[in-house]
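Below you'll find the structure, written out as structure tokens, and then a few comments.
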Amino acid sequence: MEKIIDEKQQGNTLVMEPKAGNGKKLMIESYGCQMNFSDSEIVASILAKEGFDTTQSLEEADLVLINTCSIRDKAEQTVRKRLEKYNAVKKINPGMKVGVLGCMAERLKAQFLEEEKIVDLVVGPDAYKDLPNLINEVEEGRNAVNVILSKDETYGDISPVRLQSNGVSAFVSITRGCDNMCTFCVVPFTRGRERSRDPQSILEEINDLAAKGFKEITLLGQNVDSYLWYGGGLKKDFKNASEIQKATATNFAALLRMAAEAHPKMRIRFSTSNPQDMTLDVIEAMAKYPNICKYIHLPVQSGSDRILKEMNRLHTREEYFELIDNIRRLMPDCAISQDMITGFPTETEEDHRDTLSLMEYVKYDFGFMFAYSERPGTMAARKMEDDVPEEVKKRRLTEIVNLQQKHSHYRTQQFVGKTVEVLIEKESKKSDLHWSGRTSQNTVAVFPKEKYKVGDFVNVRINDCTSATLIGEAVGLSENN
Ligand code: SAM
């Protein structure tokens, strides 16, 4: 259940179609959230232009890049172990260069480059276009670093290469950075302030994906509902925009409508929604267009008003319930998932019970749950003591994970006996005779392959389920093909 990002994806090396390049091989390994996986596709695209081909083999790599995550201490420890491994290989192959990308870059640049001397290159999330220059520096024997965070970099002009793609679903980045300043979260420090990408370049990327046969896109950002294009620049500077810029600005609901209308057969998903920014017009757009998937990832983090306030989540429990009620009123079949943190500083048993009762109210379809991990530099680390003992955090985590499991099962059971549309993504992991895909609600469904193929939209009658998977049989292609 604990699965913010697909743990099986963690550390995946991503490869693209080989081209006749300069003979140099790049290995790129990604950790963390979907944004990081999407960023690795941008990096591979920038380096493909420099002649690099990708490889999955550490031994044959000339350049190894690790796209890192800082969200919890455990994520950073995983990356550290990988860096140790690279350095062991470097002893055999001294020509190999190692670079750290992403969220750990800013925080640990001095430590990595100067104190521990375990990397040659450190590049922050807004500096990937500088990679060719930085690699030149490294090749000339110097360490290279660029961790400058930008006001306007969105990589809108880079057409990402699709790494390890099934050719069916792809991520499209629409915002970068985050302005929310949740007191537990390191993202505003590692990825900078929030900015949105030109809707025209987003649509062009979606058009290109549609032309290549992709059937589903996920619009990505730390806080997609806060998307606002007014000609470029930081979201926080919108107040200083001209009258004409304000009048012609594009918000998230408008972007969703544009994408849905441009490709009525393409499934459109998005992630992540922050409750404080999710407006009724977004829910209305979702309800209106059948190709916008009926699924919202709506992290709440806690069910206690007091803790929500300490976390600087800018909504109350009641306001969250209002949002849930509006979603259910306009889209009774919409799935909702959560992120939850147990053991935030000062969390009491009563606060924890508020979280359990909030979960009972919503009965989430899925959940991604974590024990609080203090992150250096965040407001919580500076102002609050990490005072909930580890075993209490763990026990509370187990309680919410168990409750989520029960609710997930309750939700999957509602599908039994119904026929649902499934987009086939891949072979089922458990059986090579079955396909695996997802419903509009993002629930995984498996069924016998028969005559169908990856990328087909199939109507599947659901006969059985576990808490995570629907089990059924195809009744025919859906009209969406
Ligand atoms: N932008 C989204 C939001 O704020 O709702 C998600 C941000 S984060 C990449 C994904 C999840 O990691 C968060 O929703 C939160 O549950 C978890 N997380 C973030 N900081 C954490 C921390 N210090 N300790 C434990 N979990 C954390």
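Normalising by the residue count of the chain, find the relative contact order in percent from Cα pairs under 8 Å and 6+ residues apart.
This gives 11 percent for the chain.
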Would you kindly work out the equivalent ellipsoid of region 16-86 from its C-alpha gyration tensor and give its semi-axes, the square roots of five times the eigenvalues, largest first in whole Å? 24, 15, 7
For a bin width of 10 Å, list the pair-distance distribution of region 173-255 built from all Cα-Cα distances, rounded to whole %. 18, 44, 28, 10, 0
Could you list, in their original order, any pairs among K25/K90; K25/K117; K74/K109; K25/K74 whose Cα atoms are separated by more than 25 Å? K25/K74
Antiparallel as a % of all DSSP beta bridges within the chain, to the nearest 5? 40
For the chain, Cys with no neighbouring Cys Cβ under 4.7 Å: C33, C69, C103, C178, C293, C334, C465
Segments 29-36, 290-297 sorted - mean Cβ within 10 Å per residue, highest first: 29-36, 290-297
In region 373-443, what is the count of Lys pairs whose alpha carbons are under 22 Å apart, counting only pairs at least 8 residues apart or on separate chains? 4
Which shape class, rounded, prolate or oblate, goes with region 128-283 when its Cα gyration tensor gives a ≥ b ≥ c as root eigenvalues, a/c under 1.5 marks rounded, and past that a/b bigger than b/c marks prolate? oblate
Ordering W435, W229 by how much accessible area each has at a 1.4 Å probe, largest first, what is the list? W229, W435
So, with +1 on the Cβ of K and R and -1 on the Cβ of D and E, and no other charges, what is the size of the charge dipole of region 78-237 about its Cα centre, to the nearest 20 debye? 600
Distance cut-off 18 Å, Cα to Cα: go down the list K215/K294; K49/K151; K49/K129 and report the pairs above it. K49/K151
Per DSSP H run of at least 4 residues, take -39500 (n - 2.57); add these up for the chain, divide by its residues and hand me the 222 nm value, nearest 500 deg cm²/dmol. -10000 deg cm²/dmol
Distance in nm between label sites at F238 and E374, each 7 Å beyond Cα in the beta-carbon direction? 3.6
Where the centroid of each part is defined by its Cα atoms, how far is region 37-55 from region 152-180 in Å? 13
Computed label-point distance, nm, for sites T398 and K212 using a 7 Å Cα→Cβ extension: 4.5
Packing rank of 325-331, 38-44, where each peptide gets the mean count of other beta carbons within 10 Å, highest leading: 38-44, 325-331
Is the shape of region 137-216 rounded, prolate or oblate, going by the alpha carbon gyration tensor and its root eigenvalues a ≥ b ≥ c, with a/c under 1.5 for rounded and a/b larger than b/c for prolate? oblate
Counting only Cα, what are the radius of gyration and maximum Cα-Cα distance Dmax of the chain, in Å? 22.5, 65
Over the Cα atoms, compute the radius of gyration (one decimal) and Dmax (the largest Cα-Cα distance, rounded to a whole number) for region 297-448, in Å. 17.9, 55
Estimated FRET transfer efficiency when R0 is 35 angstrom, pair K451-A287 (beta carbons, to 0.05): 0.55
When the convex hull of the Cα atoms of region 68-123 is projected onto a plane and the area is averaged over all directions, what value comes out in nm²? 3.5
If you place +1 on the Cβ of every Lys and Arg, -1 on the Cβ of every Asp and Glu, and leave all else neutral, what size is the dipole of the chain about its Cα centre, to the nearest 20 Debye? 640
Based on the alpha-carbon set only, what is the convex hull volume of region 95-161 divided per residue, in Å³? 95
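State, as an integer percentage, the relative contact order of region 33-135 based on alpha-carbon contacts under 8 Å between residues 6 or more apart.
It comes to 29 percent, rounded to a whole number.
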State, in angstrom, two size descriptors of region 358-481 derived from its alpha carbons: Rg to one decimal place and Dmax to the nearest whole number. 19.4, 60
If you take the beta carbon distance between Q276 and E139 as r and set R0 to 51 Å, what does 1/(1 + (r/R0)^6) give as a FRET efficiency, to the nearest 0.05? 0.65
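Please give me the summed charge of the neighbours of M266: other residues whose Cβ is under 9 Å from its Cβ, Lys and Arg +1, Asp and Glu -1.
Residues near M266 contribute +2 overall.
The values are calculated or read from the model by the stated rules, or taken from the named source; none is laboratory data. Just so it is clear, the structure is predicted and the values come from calculations on it, not from any experiment. Backbone-built Cβ (ideal geometry, glycine too); neighbour counts: all protein chains shown. To get the accessible areas, we keep the full protein, side chains included, count just its heavy atoms, and leave off ligands, DNA and RNA. Shrake-Rupley method; radii C 1.70, N 1.55, O 1.52, S 1.80 Å.
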